[in-house]
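Report on one structure; see the data block that follows.
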Amino acid sequence: MFLENTHIEASSSGWIEVITGSMFSGKTEELIRRLRRAQIAQQAVEIFKPQIDNRYSATEIVSHDAKAIKSTVVSSSKEILKIIGNAKVVGIDEAQFFDKEIVDVCNQLANNGIRVIVAGLDMDFMGKPFEPMPQLLAVAEYVTKVHAICIRCGNLAHFSHRTSSSQNVIEIGEKDKYEPLCRNCYNKQTSTLKTN
């Protein structure tokens, strides 16, 4: 049983918070802000990121504006359960890169009295829901959707438009491969690409 293996005392104070949106919208920055506040309140905090995301640092979660916080790299969501220790707050970045078990892991943590804060992309570069984020959004008590600014027109952006030719759903990159676009600019750009 989960409680016996990790020595967590069950309580009724657990819940899941999801921070979502497009690339360059401030998801990781908001995750770091919430985790730092928990640390200031002297709560036991554990932070995780997927092994695949090594863009800025191998051992830290780093936002696009260079804010950083120490994290533990894991290759699967189940690893989180093995190494949370006595955490009362668990932060997880880039949840879309985790396996589908991340939903069960977050539920298990919350059911055992842990505040779980998760950040991840809601849609992939094709504008489709980015699994397993839809399931996390469904089970979360609190959802925050943040927006970038469209690089073409300045409106609110919520699409992560890929500028490289790769068709892989997962393609790690930054401004060299992605740009935030609003719905109108995204539709114009993708319809142009389809006609070429």
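The values are calculated or read from the model by the stated rules, or taken from the named source; none is laboratory data. Values in this document were obtained by computation on a predicted structure and should not be read as measured data. Ideal geometry is used to build each Cβ from the backbone, glycine not excepted, and the neighbour counts take in all protein chains shown.
Looking at Leu109 and the list (1) hydrophobic (A, V, I, L, M, F, W, C); (2) part of a strand (DSSP E or B); (3) closer than 14 Å to Gly14 by Cβ, which single condition is not satisfied?
Only one criterion is unmet by Leu109, namely (2).
Tell me which of these Glu101 doesn't satisfy, since it passes every other one: (1) crowded, with 17+ Cβ neighbours inside 10 Å; (2) out of contact with any strand residue (DSSP E or B) (no Cβ under 8 Å at 6 or more places or on another chain); (3) not basic (Lys, Arg).
Tallying (1) crowded, with 17+ Cβ neighbours inside 10 Å; (2) out of contact with any strand residue (DSSP E or B) (no Cβ under 8 Å at 6 or more places or on another chain); (3) not basic (Lys, Arg), Glu101 fails exactly one: (1).
If you check His64, His7, which single one turns out to be on the phi > 0 side of the Ramachandran plot and either of a type outside the set (D, E, K, R) or modelled with pLDDT under 95 (or both)?
Testing whether each residue is on the phi > 0 side of the Ramachandran plot and either of a type outside the set (D, E, K, R) or modelled with pLDDT under 95 (or both) leaves just His7.
Among what's in region 59-92 and is of a type in the set (Gly, Ala, Ser) and out of contact with any Asp or Glu (no Cβ under 8 Å at 6 or more places or on another chain), pick the residue that is farthest from Val116 (Cα to Cα).
Per the criteria, the residue is Ala66.
Filter region 133-148 down to residues that are more than 14 Å from the chain's Cα centre (by Cα), assigned to a helix (DSSP H, G or I) and not small (Gly, Ala, Ser), then give me how many there are.
1
Looking at region 88-97, can you tell me whether even one residue there is within 29 Å of Thr163 (Cα to Cα), surrounded by fewer than 20 Cβ atoms within 10 Å (Cβ to Cβ), modelled with pLDDT under 95 and not small (Gly, Ala, Ser)?
Yes, the conditions are met somewhere in region 88-97.
Within region 13-61, which residues are among the polar types (S, T, N, Q) and crowded, with 18+ Cβ neighbours inside 10 Å?
Those that are among the polar types (S, T, N, Q) and crowded, with 18+ Cβ neighbours inside 10 Å: Thr20, Ser22, Ser25, Thr28.
So that you can scan it fast, the table gives a plain yes or no per residue for (1) over 30 Å from Ser191 (Cα atoms); (2) touching a Lys or Arg at 6+ places or on another chain (Cβ under 7 Å):
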position: Asp93; (1), (2): yes, yes
position: Asp99; (1), (2): yes, no
position: Gln108; (1), (2): yes, no
position: Gly113; (1), (2): yes, no
position: Val118; (1), (2): yes, no
position: Pro134; (1), (2): no, no
position: Val139; (1), (2): yes, no
position: Val146; (1), (2): no, yes
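Applying the selection to region 82-106, what residues are part of a loop (DSSP other than H, G, I, E, B) and of a type in the set (Val, Ile, Thr)?
Ile84
Which one is nearest to Glu29 (Cα to Cα), of the residues in region 69-81 that are assigned to a helix (DSSP H, G or I) and without any contact (Cβ under 8 Å) to a residue 60 or more places away in the chain?
Ile80
Please go through region 111-170 and give me each residue that is among the aliphatic types (A, V, I, L, M) and out of contact with any strand residue (DSSP E or B) (no Cβ under 8 Å at 6 or more places or on another chain), ordered by number.
Listed by number, the residues that qualify are Met126, Ala138, Val169, Ile170.
Which number in (1) touching a helix residue (DSSP H, G or I) at 6+ places or on another chain (Cβ under 8 Å); (2) assigned to a strand (DSSP E or B) marks the one condition that Ser160 misses?
Status for Ser160: all satisfied but (1).
Return the residues of region 103-132 that are of a type in the set (A, V, I, L, M) and within 11 Å of the chain's Cα centre (by Cα); say none if nothing qualifies.
Scanning region 103-132 gives Ile117, Val118, Ala119, Leu121.
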